[in-house]
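A short write-up of the structure that comes next.
The values are calculated or read from the model by the stated rules, or taken from the named source; none is laboratory data. Because the structure is a prediction, the values reported are computed rather than measured. Neighbour counts are summed over all protein chains in view; Cβ atoms, including those assigned to glycine, are modelled from backbone coordinates with ideal geometry. Accessible surface is based on the protein model in full, side chains and every heavy atom, while ligands, DNA and RNA are left aside. Shrake-Rupley method; radii C 1.70, N 1.55, O 1.52, S 1.80 Å.
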Amino acid sequence: MWHRYGWGAMLEIDNRVGSPIDERPGDFARSASRSRREWAAAIALGAMFLMVTKGPVYRIRFEAAPLAGDFIDDPWVQSAFVVIALVVGVLAWPGSQRLFEDRLIAIVFGAFLLIVVASSSWSVVTSRTVEQAGMLLLGTVAALLAGAYLRRIDVVVALWVATQVGIAASVFANARSWSLAIDHNGDLAGIYFNRNSLGPVAVLGGVASVTLAVACWQRTGTRVVSGVLGAVAAFDVVVWWRTGSLTPVFAIVVAAIVLVLVVLFLPGPNAALRRRLGVVLSALSVLGIGVAVVAWSTVADSLDRSTTFSGRTTIWDVVLDFVGERPIQGWGFMAVWRQPEIIEALDEHNRVVFEAHSGYLEVLLGVGVIGFCGLLAVFGVALARSGTALWRRRDVLAVYAFAMVLYAVAVNLGETYVGANLLPWILMSAMAGQSVFGHDDREKEIGKS
């Protein structure tokens, strides 16, 4: 099979690098059966992934009764997210042993969450910050625990099931001509209300399908299942194309380029040739970015997009003005969007939004420079830990974990995906949890009760 040669050989464990991990056949072939608690935790994580895509929860709430205000402030919606986070956290609690053994992840994530929660004390709208910071805390901890507790393949399968359910429901909604299944741009939205909500689900579903197809082929040689998963991935791509959403693809492309560069510089077969390829690809990437910046108007026209990134630059200008008013501590996490001043400032530019359209700016606006530095530390540690796991194991699941962290880092450039109940943040936290030292050490297996 292809994985025994070339690229595949690079993605397998190389004992010459001195990995401290106890080598075993892999998650597919692992002999020990899953406990009931593991099964329950995996199912609960899948439900959590589905819910934090927000489409199902929001759609049910929308159809159930008239909604006063925003979804994120609705007590029924909040309760649903809190309950699923608590269920996942309780079931995956044995993973806390591994998290606390890897103190770097525990400290960095804990410090960032503490800063966000602490912003309630100086928030301009305390109730909003308490709610959003509390849900962010619960969701992040639950995802970290699940990542540390469950097997790597279980996390991928949980996401795959969640995304395919959302995609299938969206296709059904469009086929039945449900209201709002087509958004105001004329693009497919399904049960997600707009293209930029369904688009990321389709993209992540396709990536999960490809990952499982490759993993199944490598570990079991079952080509039929791999072929079916490949067909599902193709269907996911078609759904994404119908949405017309570019933001998730930009993030995936950035993640893929960085991932390929990292893999090219890993030790292994044909290392010298791969390093030369890595240098060439790095140069081409820098050149491509430079050309895109210089000729951005032409690039935007070819993509049928505005030169302001669909108005984002205007939003960012207003956000930065408000950051300047409270640069150190911020306005309180997500609190400024209750202030009439910022809404009026955006309205002057014909923009009606209630988020910064950038996770980095959202944290800078809400929690100031202190929180922004904490966020950079979280992303840095998650990249370092998942990158170290890739260095040690070099299989498709390690590649997937590193790629998903890269995706979260990149997608937050153009959308607010750092916050409560948001799939990229929850997924990144789960990947960080499964990258803790000792996750793959059989002598430290826990949670068999």
Original post:
Does residue 124 satisfy being of a type in the set (Val, Ile, Thr) and either under 21 Å from the mean Cα position of the chain (by Cα) or buried (at least 24 other Cβ atoms within 10 Å of the Cβ) (or both)?
Top reply: no
**OP:** Would you point out which residue out of 136, 114 is in contact with a Leu (Cβ under 8 Å, 6 or more places away or on another chain) and either modelled with pLDDT of 95 or more or open to solvent by 10 Å² or more (accessible area, probe 1.4 Å) (or both)?
**Re:** 136
**OP:** Looking at (1) within 25 Å of residue 170 (Cβ to Cβ); (2) in contact (Cβ under 8 Å) with a residue 40 or more places away in the chain; (3) of a type in the set (Gly, Ala, Ser), find the lone condition where residue 96 falls short.
**Re:** (1)
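Just one of 187, 236 is of a type in the set (D, E, K, R) and either free of Cβ contacts under 8 Å to residues at least 24 places away in the same chain or touching a Lys or Arg at 6+ places or on another chain (Cβ under 7 Å) (or both); which is it?
On the way: 236 fails: either free of Cβ contacts under 8 Å to residues at least 24 places away in the same chain or touching a Lys or Arg at 6+ places or on another chain (Cβ under 7 Å) (or both).
Testing whether each residue is of a type in the set (D, E, K, R) and either free of Cβ contacts under 8 Å to residues at least 24 places away in the same chain or touching a Lys or Arg at 6+ places or on another chain (Cβ under 7 Å) (or both) leaves just 187.
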Subject >> Condition met for residue 385 (closer than 17 Å to residue 258 by Cβ, of a type in the set (Lys, Arg) and open to solvent by less than 50 Å² (accessible area, probe 1.4 Å)) >> reply: no
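Out of all the residues in the range 68-75, is one or more in a helix (DSSP H, G or I), farther than 28 Å from residue 218 by Cα and β-branched (Val, Ile, Thr)? I'd like the intermediate steps shown before the answer.
Step one: filter the range 68-75 for residues in a helix (DSSP H, G or I), giving 71-73, 75.
Keeping just the survivors that are farther than 28 Å from residue 218 by Cα gives 71-73, 75.
Still in the list and also β-branched (Val, Ile, Thr): 72.
There is at least one residue in the range 68-75 that is in a helix (DSSP H, G or I), farther than 28 Å from residue 218 by Cα and β-branched (Val, Ile, Thr).
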Original post:
What residue, of 239, 254, 291, is aliphatic (A, V, I, L, M), in contact with a helix residue (DSSP H, G or I) (Cβ under 6 Å, 6 or more places away or on another chain) and either more than 24 Å from residue 396 (Cα to Cα) or at pLDDT below 65 (or both)?
Top reply: 239
Subject >> Those residues of the range 217-255 which are assigned to a helix (DSSP H, G or I), crowded, with 16+ Cβ neighbours inside 10 Å and small (Gly, Ala, Ser), in sequence order >> reply: 226, 230, 233, 251, 255
Original post:
Within the range 327-377, how many residues are assigned to a loop (DSSP other than H, G, I, E, B) and either within 22 Å of residue 72 (Cα to Cα) or open to solvent by less than 10 Å² (accessible area, probe 1.4 Å) (or both)?
Top reply: 15
